[in-house]
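Chemist: Could you have a look at this structure, given as structure tokens, before my questions?
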Amino acid sequence: MGFLDNSGDIILDAVLTDAGRARLARGDCSFNIAKFALGDDEIDYSLYNKTHVSGSQYYDLEILQTPVLEAFTNNTSMMNSKLLSMVSDSEYYLPIIQLNETQGAAKHATAGTFVVAVNKDTVDYITNANSATPTSMGAGILNGHEPGVSVASNALRADQGINNADRPPVNSLPIELTEQAYFLQMDNRLGSVRRPGGTGQLAYSYLDDDQIASYYLELGQWQGLTHVSDFVENIAANLGAAASPIAGERGTKVQFRIKSSLELESSQNLFERIGTQVASGQDITTDTGGQSLTQYWYIDSTIRLTGVFTGYRIDIPVRYVRKY
């Protein structure tokens, strides 16, 4: 890895994604570049100087001379800030994606993360019920063993829209600023995504060499099927300001639950390799069922959610917990 010499002609340095290289390696003539993205991770636009003494042609000189990294293939380190093409030139605000913790899906207060109970033993201990259908779990705790069981913790949810009170908090975001689809990336060794109701498994679109699974979630994905709710839906137009963290116009919402992996459910091997053991410490539950889970293994991870159109992304903290 190094820097490109951009003191003269503008250089375009491009690499294939993991998926692109995998398809190219097939050698079956099926490889075809259909999409590309541009990024400006290195650029600091505050360097634009409208008061430069030498005139307007020097306003952006310092930006143009900023050292630019040559392209490299580590998808976790490159293209964190993607460029966006806009049809309208009259927009003053850009939409964001924000975690919605107003609908009963707040992070666990103590851990500061969403807690996933990975197996039946852990779920039953938290709920203090030796039952296959637990009905009570603390705030911020998800049933990773059976996501489809009706429990107190809701699906994880993120809202998209313009977070500015100058815009009315209604569902009227222009179509060109409304995210129709999202990329969701998570560690496939730890879990997978489920619909907001807990059922309806979606196969990942791609699994990279770091075991990061990428899911493609789009509006109307389950349309026509007998499902109660979808991964991506329009935010209801009649909701008041308190129903969403987005202060202004709202677009779509993303909802999902987490199913713990078979390895986490059946074994503590991965916890011993990359996790942390708590022998006697702070309770990871809210003790709603009368139990105090102070002896457990946990693995901290993140789930990355990225808007396909705007490239805006958030990282959602997740802690996988297993009682011992």
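Chemist: Restricting to the stretch 35-52, name every residue that is within 19 Å of THR310 (Cα to Cα) and among the aromatic types (Phe, Trp, Tyr).
Modeler: Selection gives PHE36, TYR45.
Chemist: For the stretch 13-52, how many residues meet the condition of being under 23 Å from LEU64 (Cβ atoms) and of a type outside the set (Gly, Ala, Ser)? Outline the logic, then answer.
Modeler: Initially, the stretch 13-52 is screened for residues under 23 Å from LEU64 (Cβ atoms), giving 13-15, 36-52.
Then drop every residue that is not of a type outside the set (Gly, Ala, Ser), which leaves 13, 15, 36, 38, 40-45, 47-52.
Matching residues across the stretch 13-52 total 16.
Chemist: Just give me the residues in the stretch 243-283 being of a type in the set (Val, Ile, Thr) and in contact with an Asp or Glu (Cβ under 7 Å, 6 or more places away or on another chain), in sequence order. Let's see the steps before the verdict.
Modeler: Pass one, the stretch 243-283, residues of a type in the set (Val, Ile, Thr): 246, 252, 254, 258, 274, 276, 278.
Listed by number, the residues that qualify are ILE246, THR252.
Chemist: Search the stretch 43-57 for residues being surrounded by 12 or more Cβ atoms within 10 Å (Cβ to Cβ) and assigned to a loop (DSSP other than H, G, I, E, B), and hand back the single one that is farthest from the chain's Cα centre (by Cα).
Modeler: HIS52
Chemist: I would also like to ask the following. What is the number of the single condition among (1) aliphatic (A, V, I, L, M); (2) farther than 13 Å from ASN234 by Cα; (3) at pLDDT 90 or above that LEU202 does not meet?
Modeler: With (1) aliphatic (A, V, I, L, M); (2) farther than 13 Å from ASN234 by Cα; (3) at pLDDT 90 or above applied to LEU202, the lone miss is (3).
Chemist: ARG23 fails exactly one of the following numbered conditions: (1) more than 26 Å from LYS253 (Cα to Cα); (2) under 27 Å from the mean Cα position of the chain (by Cα); (3) in the same structural domain as THR310 (by TED's automatic domain parsing); (4) not hydroxyl-bearing (Ser, Thr, Tyr). What is the number of that condition?
Modeler: Condition (3) is where ARG23 drops out.
Chemist: To continue, here is another question. Would you check which residues across the stretch 1-27 are modelled with pLDDT of 80 or more and not hydrophobic (A, V, I, L, M, F, W, C) and list them?
Modeler: Scanning the stretch 1-27 gives GLY20, ARG21, ARG23, ARG26, GLY27.
Chemist: Filter the stretch 298-322 for residues that are charged (D, E, K, R) and crowded, with 19+ Cβ neighbours inside 10 Å and give the result.
Modeler: ARG319, ARG322
Chemist: Can you tell me which residue within the stretch 266-280, out of those that are hydrophobic (A, V, I, L, M, F, W, C) and at pLDDT below 90, is nearest to the chain's Cα centre (by Cα)? Steps first, answer last, please.
Modeler: Our first condition is that a residue be hydrophobic (A, V, I, L, M, F, W, C); within the stretch 266-280, this holds for 270-271, 274, 278-279.
Still in the running and at pLDDT below 90: 278-279.
Working: VAL278: 27, ALA279: 31 Å.
Of everything passing the filter in the stretch 266-280, VAL278 is nearest to the chain's Cα centre (by Cα).
Chemist: Looking at (1) free of Cβ contacts under 8 Å to residues at least 12 places away in the same chain; (2) touching a Phe, Trp or Tyr at 6+ places or on another chain (Cβ under 9 Å), which one does TYR182 not meet, given that it meets all the others?
Modeler: Tallying (1) free of Cβ contacts under 8 Å to residues at least 12 places away in the same chain; (2) touching a Phe, Trp or Tyr at 6+ places or on another chain (Cβ under 9 Å), TYR182 fails exactly one: (1).
Chemist: For TYR58, are the conditions met, namely being modelled with pLDDT of 75 or more and touching a His at 6+ places or on another chain (Cβ under 9 Å)? Show your work before the answer.
Modeler: Working: modelled with pLDDT of 75 or more: yes; touching a His at 6+ places or on another chain (Cβ under 9 Å): yes.
Here the answer is yes, as TYR58 does meet what is asked.
The values are calculated or read from the model by the stated rules, or taken from the named source; none is laboratory data. Nothing here was measured: the structure is a model prediction, and the numbers come from that model. Here Cβ is always computed from backbone atoms with ideal geometry, including for glycine, and neighbour counts include all displayed protein chains.
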